[in-house]
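Please treat every number below as a calculation from the coordinates, not as lab data. Since the model is a prediction, treat every value here as computed from it, not as a measurement. Positions of Cβ are generated from backbone atoms using ideal geometry, with glycine treated the same way; all protein chains shown enter the neighbour counts.
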Amino acid sequence: MHHLAKPPVDPAELEHRNIRQGEFWRGVPAYEDVDEATFLDHIWQGRHSVKTTDELFETIGAIVDPTFLEDAREGFRRAPMAVRVSPYMIASIDWTRPYEDPIRRQFIPVASKLLPDHPMLTLDSLHEQEDSPVQGLIHRYVDKALFLPLQTCPVYCRFCTRSYAIGPDTANVDKAPLAKTTDLWNAAFEYIATRPEIEDVVISGGDVYQMAPKNITLIGEALLAIPHIRRLRFATKGLAVMPMKILTDTAWADAITRVVEKGRAQHKDVVIHTHFNSPNEISWITERAMNLLFERGITVRNQAVLIRGVNDDVRTMTTLVKRLSWINVHPYYVYMHDLVRGVEDMRTSVQTSLDIEKAVRGTTAGFNTPLFICDAPGGGGKRDVHSFDYYDRDNGIVVYSAPSVKPGQSFLYFDPIDTLSPDAQARWAVPSVREQMIAEAVFRAGGKVAALA
Ligand SMILES: *Cc1c(COP(=O)(O)O)cnc(C)c1O
């Protein structure tokens, strides 16, 4: 039987177009009297970022339950990452439901929700420091390199994969030094120039949002001048957490634009990569910033992280993917959460990623459908979540191999312990049983050497 027409669409299917409008920040007591011009000023945003619990209390204390604030005070004390939250992010949080809010979960730790770290966790879980030929440069994959020219960000994510290096030292972590000075940058450029196989450089950090326009120009031009470099990506979380900077820091936006144009004239591809995790991070300000970049012909791609309580359900992930597409951001990756300290409550199982991927695929254009990725702990690099060699779902052990990155090795990812059955949790509590389970999984995967974290 033929259907002549598709039935009318459920309005819920168009939820992604329902982008936050108006002066939404005025609901935050501290921003009640802040007008649009002030709120859009990136300097004002930077100056009013919340870095301490006292600042948090001053900003939202009047409207939030005191028990939540106490919980946050203890959360700040235990956090491995420094805290820094832009007023834009503060204003995007639903303070009537702070425990459930997906933006609060990413930036403001609360002690009551913390879980013990997974026993297999190490600080630099991706072993970036091992693949680093010169300070501030990671050369893991044959034709691409990751350049980390600075150590600060416009906000600090609780779940930072580089918490070993990024942000000021905290009571819990002394940060390893990354390249900070132009001398170190020059050493990175020299290394890249002597490695003809490198075609692609990711400029990350830290966050290029924090970089002075003259340094964007310096780095962009130095890399474009290397004949075998064909592609550059400037990585910034800024578009997600402080989109107004694109509109009001004209020197910064123009510096990026000039590198893109210079690259284009040389037939080299220069793009921006960003990091939205929740559809709630996208407002009319984001849309306006994206319109400016789009008019300038600048490609923007998104790399999200799958985070428990933030985007680990089909509806939220689909809305994120479709809302990004609506504002011309290409959803590129959705990562499994890295095994980093103090964030066990934010991780999900690999099965969750498999299930969400299956549901998201088919909802929109293939080129706007992200790849779901596990960046294999131990330095195996990025793997399609589906491509495991073996998955012990009972014990939450996933075995990957990466023949073109680290041939002959197996790499392991572990589901969060609290999502396993009580029996499996009991098995993890015993170190000898733990080792046996892992050895068994590697054996079943046909692997030889497990690069144990
Ligand atoms: C992620 C990453 C890259 C870029 O990888 P793509 O899959 O091309 O996005 C390059 N180098 C390192 C070390 C990385 O972690």
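Measuring max minus min along each principal axis, the C-alpha atoms of segment 128-384 give extents of 46, 42, 35 Å (largest first). Compare the Cα positions of Ile397, Phe414, His386 along the charge dipole of segment 377-424 (+1 at Cβ of Lys, Arg; -1 at Cβ of Asp, Glu; about the Cα centre) and return the one farthest towards the positive end. Sorting the options by dipole projection puts first His386.
Going by Cα centres, segment 79-142 and segment 4-26 are how many Å apart? When both Cα centres are located, 30 Å separates them.
Given 0.36 nm per residue, what is the gain on full extension from Ala62 to His386 after removing their alpha carbon distance, in nm? Can you show the working numbers first?
Working: separation 324, 0.36 × 324 = 116.64 nm, distance 4.68 nm.
Gain in length upon complete extension: 112.0 nm.
Legend: P(r) of segment 230-372 from all alpha carbon pair distances, 10 Å bins from 0, whole percents, reading 11, 40, 32, 15, 2.
Packing, as the average of other Cβ atoms within 10 Å across residues, places the peptides 238-250, 260-272, 130-142, 279-291 in the order 238-250, 279-291, 130-142, 260-272, highest first.
Starting from the exponent 0.38 and prefactor 2.2 Å, build the expected Rg for the chain from its residue count and divide its actual Cα Rg by it. Don't jump to the answer; show the numbers that get you there.
Working: Rg = 22.1 Å, N = 453, 2.2 N^0.38 = 22.5 Å.
Relative to the rule-of-thumb radius for its length, the chain sits at 0.98.
Along its three principal directions, the equivalent ellipsoid of segment 302-453 from the Cα gyration tensor extends over semi-axes of 29, 18, 12 Å, largest first.
Using helices alone, I'd like the mean residue ellipticity at 222 nm for the chain: each DSSP H run of four-plus residues gives -39500 (n - 2.57), total over residue count, nearest 500.
On the way: 16 runs with 149 residues, N = 453.
Only helices count here, giving -9500 deg cm²/dmol.
Per-residue packing, averaged as other Cβ atoms within 10 Å, sorts the ranges 313-323, 68-78 into the order 313-323, 68-78, beginning with the highest.
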